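Here is the structure we will look at, set down as structure tokens.
The values are calculated or read from the model by the stated rules, or taken from the named source; none is laboratory data. The shown structure was predicted, so the numbers you read here are calculated from the model rather than taken from an experiment. Here the Cβ positions follow ideal geometry from the backbone for every residue, glycine too, while neighbour counts run over all protein chains shown.
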Amino acid sequence: MEMTYLEAIRQGIREEMTRDSGVFLLGEDIGVYGGAFKITSGLLQEFGEKRVIDTPISESAIVGAAIGASLMGLRPVAEMQFADFITCGYDQIVNFAAKCRYRWGAAVPMVIRAPSGGGIHGGPFHSQNPEAWFVHTPGLKVVAPATAPDAKGLIKSAIRDNDPVLFFEHKALYRRIKEDVPDGDFTVPIGKAAVVRQGRDLSIITYGAMVHVARESAETLEKEGISVEIVDLRTLAPLDEDTVLASVRKTSKVLLLHEDVLTGGIGGELAGRIAEKAFHDLDAPIVRVAAPDTPVPYSPPLEEAFLPNAAKVTERARWLARY
Amino acid sequence: MEMTYLEAIRQGIREEMTRDSGVFLLGEDIGVYGGAFKITSGLLQEFGEKRVIDTPISESAIVGAAIGASLMGLRPVAEMQFADFITCGYDQIVNFAAKCRYRWGAAVPMVIRAPSGGGIHGGPFHSQNPEAWFVHTPGLKVVAPATAPDAKGLIKSAIRDNDPVLFFEHKALYRRIKEDVPDGDFTVPIGKAAVVRQGRDLSIITYGAMVHVARESAETLEKEGISVEIVDLRTLAPLDEDTVLASVRKTSKVLLLHEDVLTGGIGGELAGRIAEKAFHDLDAPIVRVAAPDTPVPYSPPLEEAFLPNAAKVTERARWLARY
Amino acid sequence: MSAPAVLQPETDMHTDRGLALQALRYMATMREVEDRIERKLYRQGKIVGGVYVGRGQEAISVGVGLSATPDDVLCPSHRDLALFLIRGVDPRQIFAQYMGRVGGLTRGKDGNMHMGDISRRIVSIISAMAASVPVAAGAALALKYRGTQNIAYCFFGDGATSRGDWHEGLNFAAVQKLPVVYVCNNNQYAYSTPLTKQMACANVSDRAPGYGIPAEIVDGNDVFAVHRAAQRAAGHARSGAGPYLIECKTFRMTGHSAHDAAEYVPQSLWDEWKEKDPITRLEKKILEKRWAKREEIARLHAGIRQEVDAAIEWAEKSPYPDASELLDGVYERS
Amino acid sequence: MSAPAVLQPETDMHTDRGLALQALRYMATMREVEDRIERKLYRQGKIVGGVYVGRGQEAISVGVGLSATPDDVLCPSHRDLALFLIRGVDPRQIFAQYMGRVGGLTRGKDGNMHMGDISRRIVSIISAMAASVPVAAGAALALKYRGTQNIAYCFFGDGATSRGDWHEGLNFAAVQKLPVVYVCNNNQYAYSTPLTKQMACANVSDRAPGYGIPAEIVDGNDVFAVHRAAQRAAGHARSGAGPYLIECKTFRMTGHSAHDAAEYVPQSLWDEWKEKDPITRLEKKILEKRWAKREEIARLHAGIRQEVDAAIEWAEKSPYPDASELLDGVYERS
Ligand SMILES: Cc1ncc(C[n+]2csc(CCOP(=O)(O)OP(=O)(O)O)c2C)c(N)n1
Ligand SMILES: Cc1ncc(C[n+]2csc(CCOP(=O)(O)OP(=O)(O)O)c2C)c(N)n1
Ligand SMILES: [Mg+2]
Ligand SMILES: [Mg+2]
């Protein structure tokens, strides 16, 4: 069935709530209002107040309560109203949730959904991409779907996963993309990247909204005779190194693309792995395209200059292809 | 004068407090008790309660209050009792302090001191190296001295800096190293790495306690005829890319070393820059040596296996040299 | 009693009449500016980001703002536009701010109420609710440290009081006896969340004893009541006795933001609070007390509308920032 | 009345005598285990990490712990060792935990009181003070969600109440009417920081009205008083009426941790509270009430010492984890 990225997430959540009575939702304005982005719209009506909890403005309590409930075997799905506010529950995530299993063998099967990303003129506090902080935190899984089917399949996997999963939903995709999503129960495995476009000349490794930017760029480049392979990481932690390295070995040139700021972003980690494990396969420098090291600016011309886009990717990819 | 790393930090703070009446300290147990590590010992007696403030257990309020005071022109130096608790003040640091200047041109001249690092059997919550999170946050400066003179010179620069500076002090160095520190007023510039050992065959890029590990390894390797250059980054944000690239260009082989966990650590960022900007100077894969992707374990055999040490570095460096 | 008296900022605030006229001017300007933003410019697509206004809550920022001295520090919430007006920020700068132009206080780096001006001692909020609360403590600490008599005012909503930062900030200031006046606009909602889902106590001020600080509840739609409470609070804080909390009971006479129809608010509340609109209430009082005539008030509104028209025109002419500014200001030298 | 009655765990707790003897057994065991840890093993270098003990505060975890049912959830603080004993954790596991051996509850992954056991419904603390407070709310939510009558107990010190998480956690639980009993050990210090620098209210319980929850203050060195309060609190929580806060006034009869000589504590406080030692106090009561004879109590202590000797021996023989375990348990499959 055709549906938006947003509807796909909702459908995935709804199916899991139907399947497993231990799945419940908590977050600010997610019940009566249906959530700031309306992801959970209708679920309070369907599942009742016990399973769709409107909370106070308390990100740390939301995450902490999710941890406590998951320790007791429930499967909480917490919503951050915007991913930017995840910093308010940071200690609970990186010190409590992430370390329970390792320290004392306690499972924390919880999901934190976080609408992230720019391109909606949200300014510095409604546009950030906080994923790299969590990729750097052992014990957390980090997922960032780029398509509607992946959004559904991955939210379902995240809910079933027995470890804490951060689920970054790209806000700019919510209503922008509409795709065919298989009906009913299917999952997309956490930890597996997808080669979403086959190519010969260079690989673009990316995720989230940038997958669409990469596709746009690849189409332009195709007309110029440059064949681009695109790897959609889908899961950022644990990284699917094998798929990345296989693509690099195939094309020998790699462009790492993310919307998150450059320094300390996931591109660096990928570069590190590639430059260690596929060094001899490389025919050119590793190119990174990412946002510059600034907060996300509000004003349209600034935000446009900030965000990676197809033109910027195409330019660097062209350079790489000709290298 | 010979002094420990710890004494050097204290002397630097004391000199700045004497020089500038706007410099004050705040943190838990830093006054009467002199701090969990006794860094601020004696300063309450010397400067009084106005300038050495014992606070409640409130990392977010400590950071927030430092921001507020610095906005009004004071120069607060906040202490986290352990760097691990910096996550409790996370939002204030990465969203408030980091973005003031960019958003509305307001200077936030504050320092957050954070005793970090393992090797003291502190376990998962008293051993972490949280620097990479902040390196990934535009607007923050991140400093991590490895020697007593640098510790003094950098804390003084940090206090004089007009931007928020995170100052990571490695706990294992506090009393372990004793070095000659120039008397009186000198500073070490933020943003400048140091080549602390000249070499020809390979470069080790590192910082903090690992500088000493690198030195130990370099001495072993020297006996084997392998000449190692060591770059002590000293500042992690903004990164001194020039010094790093110059060393890589000189030796053509690079080992990136940090105590922080591998994935998403600073090694990845360095690899990204090197593989982009010095690709043709490289004669071998980029090697990273770092802690594995786990929490920091408590039990001595586990912690020893976790921490990078000279033996592990030597083995990989040897491989690299022979490559 | 002449028209200009109503329109001029230098009205003598030591008289009730002066205060009333001054307050009306700021409240009406805030309402007009925000109405244009929320109901015109936003709908015309001229404002591309979030819009949060203080419709119905104007008496709070005005009542408190007029009691502050210029060297006091203000930490506004997202519904306190009048604080900017009182500190001399021109409406045109505000429109430019919302429209992402260089004429705004942040030169387009940020939007809407996310603005500050350190030269005017206004600290910009970040989005995270209550994050300003510890920051206000730090500003107050600096004021005390420097030996001044100045104080910091910290504004927030009912929902913000659920945040850890709110607690840490109040506790820190209370322990350190810092000169902070806390102003809560208890408008009964946080976005769609009513008080009953936000807190299990009846009033925000029930929390004050937990910090050992005094608190009082005032009618947040009565600018005189707010102003008197603010003066008591400021007196307390200036005297060195520590923080003071004012809880202003009020109502958000609009959605949470411009895109929110607020269907979760029962009709009865809309009706009830329309009656209590702080501006009409103040005007009624002015007329009753014969502090001004109906025509003078009408002229005031007309003048404001004119000023606002001109401000919007100015703001629309203010250029967008050039993309080359993107990298500026991350650090002191960058 | 015979010696075994004192020593056996199955003492009938429905009588005062039974409770007294049971409590004494746990309190004395906690004291003995912790004395060995703090004053022997740590000084011998056999414990390489931090050591935090509950010396002088034993009546709190014991008084509360004995009122809990096995399916209630416990979220201990770092001074609540007896909760582990009451739930059947063997002292040898505790020594092994401190010494980083595989026989400890965390197999050497963590040390000291940073341990938990989900099969026993004990949630491990993380270091960050008050982080367990929201987590306890979540555990209570699950108990309620499942329709049980069980409750969660959440323990913390006076200093922890300054943290944002404490506030958020209490507020969340109060709004959701969750079955949580909060137990504050107000030992007047947080590390070196006295109450006056921690909070500006007189009692932690002064904060309860801000969450709309009941609170009471008890003598934390009187295990009967603590136990009775815990029963009232549990009754309240189990009835569905929401959280309840017990503030136990007590004193930390040692340094913050094993390396802290606590010179910042005035001598008068040491003297005053030595008199109130909860164990000698309980023993006095037992003797006065003739619930046991002096020799029986002596035998109890001797028995505990023996048990502890054996436990230490066991723990020292427990191997260190093999380095190959380093990577285990980051994820379910890793
Ligand atoms: C920490 C945090 N979480 C969530 C949000 C999203 N948000 C913005 S305003 C708001 C409601 C604020 O309510 P209140 O504090 O009562 O202020 P009001 O808008 O009613 O004036 C929410 C939830 C936020 N800004 N910060
Ligand atoms: C968030 C945080 N900051 C600092 C510390 C360091 N620390 C450990 S225990 C402690 C004092 C705790 O005091 P209190 O809550 O009163 O408990 P007590 O030790 O007195 O039982 C401090 C500051 C910590 N563990 N967590
Ligand atoms: Mg509100
Ligand atoms: Mg205490």
**Prompt:** Hey, any hits in the range B:112-135 for a residue that's under 29 Å from C:Asp328 (Cα atoms), out of contact with any strand residue (DSSP E or B) (no Cβ under 7 Å at 6 or more places or on another chain) and within 12 Å of ligand 2 (Cβ to nearest atom)?
**Reply:** no
**Test result for D:Val102, more than 16 Å from ligand 4 (Cβ to nearest atom), surrounded by fewer than 23 Cβ atoms within 10 Å (Cβ to Cβ) and modelled with pLDDT under 95** = no
**Message:** Show me the helices (runs of 4 or more DSSP H) entirely contained within the range C:89-189 in which 3 or more residues are more than 16 Å from ligand 1 (Cβ to nearest atom) and either touching a Lys or Arg at 6+ places or on another chain (Cβ under 9 Å) or closer than 25 Å to C:Ser257 by Cα (or both).
**Reply:** C:91-98, C:132-145
**Asked** If you check B:Lys50 against the conditions, is it within 12 Å of chain D (Cβ to nearest Cβ) and surrounded by fewer than 18 Cβ atoms within 10 Å (Cβ to Cβ)?
**Response** no
**Request:** Working only within the range A:219-241, note down all residues that are touching a residue at least 60 places away in the same chain (Cβ under 8 Å) and more than 15 Å from A:Val142 (Cα to Cα).
**Result:** A:Thr220, A:Leu221, A:Glu224, A:Ile226, A:Val228
**Request:** Exactly one condition in (1) within 7 Å of chain C (Cβ to nearest Cβ); (2) within 30 Å of B:Pro295 (Cα to Cα); (3) aliphatic (A, V, I, L, M) is not met by B:Met72; state its number.
**Result:** (2)
**Asked** Across the range A:155-186, what is the number of residues that are outside any loop (DSSP other than H, G, I, E, B), more than 14 Å from every other protein chain (Cβ to nearest Cβ) and surrounded by fewer than 22 Cβ atoms within 10 Å (Cβ to Cβ)?
**Response** 4
**Message:** Consider the range D:173-198. How many of its residues are surrounded by 23 or more Cβ atoms within 10 Å (Cβ to Cβ), within 15 Å of ligand 4 (Cβ to nearest atom) and of a type in the set (A, V, I, L, M)?
**Reply:** 2
**Fill in**
Selection from the range B:292-305 of residues under 14 Å from B:Gln128 (Cα atoms) and either surrounded by fewer than 24 Cβ atoms within 10 Å (Cβ to Cβ) or more than 10 Å from chain D (Cβ to nearest Cβ) (or both) yields B:Pro292, B:Asp293, B:Thr294
**Item:** Candidate set: the range B:230-246, residues that are crowded, with 24+ Cβ neighbours inside 10 Å and touching an Asp or Glu at 6+ places or on another chain (Cβ under 8 Å); chosen: the one nearest to B:Glu216 (Cα to Cα)
**Value:** B:Asp232
**Complete:** Taking the range D:49-76 and the residues there that are within 19 Å of A:Met72 (Cα to Cα) and within 14 Å of another protein chain (Cβ to nearest Cβ), the one that is nearest to ligand 1 (Cβ to nearest atom) would be D:Cys75
**Request:** For residues that are assigned to a helix (DSSP H, G or I), under 21 Å from the mean Cα position of the chain (by Cα) and in contact (Cβ under 8 Å) with a residue 12 or more places away in the chain, tally how many sit in the range C:271-299.
**Result:** 7
**Request:** Looking only at the range A:240-280, count how many residues are among the charged types (D, E, K, R), in contact with a Leu (Cβ under 8 Å, 6 or more places away or on another chain) and within 12 Å of chain B (Cβ to nearest Cβ).
**Result:** 4
**Request:** May I ask you to list the residues in the range C:127-148 that are touching a residue at least 12 places away in the same chain (Cβ under 8 Å), within 8 Å of chain B (Cβ to nearest Cβ) and in contact with a helix residue (DSSP H, G or I) (Cβ under 7 Å, 6 or more places away or on another chain)?
**Result:** C:Ser127, C:Ala128, C:Ala131, C:Val133, C:Pro134, C:Val135, C:Ala136, C:Ala137, C:Ala139, C:Ala140, C:Leu141
**Request:** Being within 16 Å of ligand 2 (Cβ to nearest atom), without any contact (Cβ under 8 Å) to a residue 24 or more places away in the chain and within 15 Å of the chain's Cα centre (by Cα) narrows it down to one of D:Ser124, D:Ser61, so name that one.
**Result:** D:Ser124
**Fill in**
Given the conditions (1) within 14 Å of ligand 1 (Cβ to nearest atom); (2) within 19 Å of D:Cys201 (Cβ to Cβ), every one holds for C:Gly255 apart from (2)
**Request:** Using the structure shown, decide if A:Ala69 is more than 16 Å from ligand 4 (Cβ to nearest atom), touching a Leu at 6+ places or on another chain (Cβ under 9 Å) and among the hydrophobic types (A, V, I, L, M, F, W, C).
**Result:** yes
**Fill in**
Within the range D:233-261, residues surrounded by 24 or more Cβ atoms within 10 Å (Cβ to Cβ) and assigned to a helix (DSSP H, G or I) come out as D:Ala233, D:Ala237
**Request:** Considering only the range D:178-201, state which residues are touching a residue at least 40 places away in the same chain (Cβ under 8 Å) and at the interface with chain C (Cβ under 8 Å from one of its Cβ atoms).
**Result:** D:Gln198, D:Met199
**Item:** Answer residue from the range A:130-152, given it is under 24 Å from B:Pro295 (Cα atoms) and assigned to a loop (DSSP other than H, G, I, E, B) and is farthest from the other protein chains (Cβ to nearest Cβ) among those
**Value:** A:Ala144
**Test for D:Ala208: is it under 23 Å from C:Gln176 (Cα atoms), within 16 Å of ligand 4 (Cβ to nearest atom) and either within 14 Å of chain C (Cβ to nearest Cβ) or in a loop (DSSP other than H, G, I, E, B) (or both)** = no
**Request:** Under 8 Å between Cβ atoms, at least 6 apart or on separate chains: pull out the pairs that start in the range A:77-90 with a residue that is within 11 Å of another protein chain (Cβ to nearest Cβ) and within 16 Å of A:Ala65 (Cα to Cα) and end on any residue that is among the acidic types (Asp, Glu) and within 16 Å of ligand 4 (Cβ to nearest atom).
**Result:** none
**Message:** Checking the structure you have, find out if any residue of the range C:218-232 is away from ligand 1 (no atom under 16 Å from the Cβ), of a type in the set (A, V, I, L, M, F, W, C) and surrounded by fewer than 24 Cβ atoms within 10 Å (Cβ to Cβ).
**Reply:** yes
**Item:** Some residue of the range D:157-169 being farther than 12 Å from D:Pro243 by Cβ, away from chain C (no Cβ under 14 Å) and either within 16 Å of ligand 3 (Cβ to nearest atom) or surrounded by fewer than 24 Cβ atoms within 10 Å (Cβ to Cβ) (or both)
**Value:** no
